[in-house]
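> My structure is below; once you've seen it, I'll send some questions.
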Amino acid sequence: MSDTTTAPVSDESGNRTLAIICYALFIATFMNGLSAIVGVVLAYIKRDDARGTIWESHFRNLIHVFWASIAMTVLLLLMFTGGAFGIFTATQTDSFNGAIALMGLGGIAGVLFLAWYLYRTIKGLIHAVDRKPYI
């Protein structure tokens with residue numbers, strides 16, 4: 001007799017496949033700019049089906065990353081447009097320097113956010129492939 005037991009699969013395979021697809025869509029958004037929207041819609045749809053499984057953490061992570069991306073995109077747009085507006089309307093050197101600093105700060109924030117985004121999506125993809133929850 002074998003003492004090995006396997007966890008019930010039920011829809012685990014489907015949730016795993018969908019989580020991997022969603023992560024791929026999030027990573028592909030760097031090429032097309034919009035695929036993360038499809039990924040988050042799928043995550044919202046499957047979130048209730050995955051409740052109580054390891055896949056719930058993956059769908060929660062994807063939803064969190066998406067909304068953080070939206071918030072950061074708005075913030076960066078405000079920083080860059082504010083900085084650009086400040087450059088073109090600056091009448092004093094201090095205003096011009098402030099606008100340049102705002103755009104520089106936006107650039108640094110953008111790079112840090114990009115690193116965070118890639119970390120969360122690649123880590124999630126690796127965990128989904130390995131059938132581990134997103135921690």
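The values are calculated or read from the model by the stated rules, or taken from the named source; none is laboratory data. Keep in mind that this is a model prediction, so the values were computed, not measured. Here the Cβ is made from the backbone with ideal geometry for all residues, glycine too, and neighbour counts use every protein chain on show. Note: areas computed on protein heavy atoms with side chains; ligands, DNA, RNA excluded. Shrake-Rupley method; radii C 1.70, N 1.55, O 1.52, S 1.80 Å.
> Could you check, for the stretch 84-98, whether at least one of its residues is at pLDDT below 85 and either crowded, with 18+ Cβ neighbours inside 10 Å or touching a strand residue (DSSP E or B) at 6+ places or on another chain (Cβ under 9 Å) (or both)?
First, pick out the residues of the stretch 84-98 that are at pLDDT below 85: 84-98.
Next, from what is left, pick out any that are either crowded, with 18+ Cβ neighbours inside 10 Å or touching a strand residue (DSSP E or B) at 6+ places or on another chain (Cβ under 9 Å) (or both): 86.
Yes: one or more hits.
> Oh, and also: Could you check, for the stretch 21-32, whether at least one of its residues is in contact with a helix residue (DSSP H, G or I) (Cβ under 6 Å, 6 or more places away or on another chain) and β-branched (Val, Ile, Thr)?
Initially, the stretch 21-32 is screened for residues in contact with a helix residue (DSSP H, G or I) (Cβ under 6 Å, 6 or more places away or on another chain), giving 22-23, 25-29.
When the remaining residues are screened for being β-branched (Val, Ile, Thr), the result is 27, 29.
Yes, the stretch 21-32 contains at least one residue that is in contact with a helix residue (DSSP H, G or I) (Cβ under 6 Å, 6 or more places away or on another chain) and β-branched (Val, Ile, Thr).
> Suppose we filter the stretch 36-82 for residues that are assigned to a helix (DSSP H, G or I), open to solvent by 70 Å² or more (accessible area, probe 1.4 Å) and farther than 25 Å from Gly106 by Cβ; how many remain?
Within the stretch 36-82, residues that are assigned to a helix (DSSP H, G or I), open to solvent by 70 Å² or more (accessible area, probe 1.4 Å) and farther than 25 Å from Gly106 by Cβ number 6.
> Just a yes or no: is a residue in the stretch 104-113 within 30 Å of Thr17 (Cβ to Cβ) and at pLDDT 95 or above? Before you say what the answer is, go through the steps one by one.
Applying the first criterion (within 30 Å of Thr17 (Cβ to Cβ)) to the stretch 104-113 yields 113.
Keeping just the survivors that are at pLDDT 95 or above gives 113.
Checked against the condition, which is being within 30 Å of Thr17 (Cβ to Cβ) and at pLDDT 95 or above, the stretch 104-113 yields at least one hit.
> Now for a separate question. Could you grab the pairs with beta carbons closer than 9 Å, sequence gap of 6+ or different chains, first residue in the stretch 110-124 and within 20 Å of Leu77 (Cβ to Cβ) and in contact (Cβ under 8 Å) with a residue 40 or more places away in the chain, second one among the hydroxyl-bearing types (Ser, Thr, Tyr) and open to solvent by less than 60 Å² (accessible area, probe 1.4 Å)?
Final answer for the pair search is Phe113/Ser69; Tyr117/Ser69.
> So Gly33 fits all but one of (1) open to solvent by less than 70 Å² (accessible area, probe 1.4 Å); (2) on the phi < 0 side of the Ramachandran plot; what number is the exception?
So Gly33 meets the others, but not (2).
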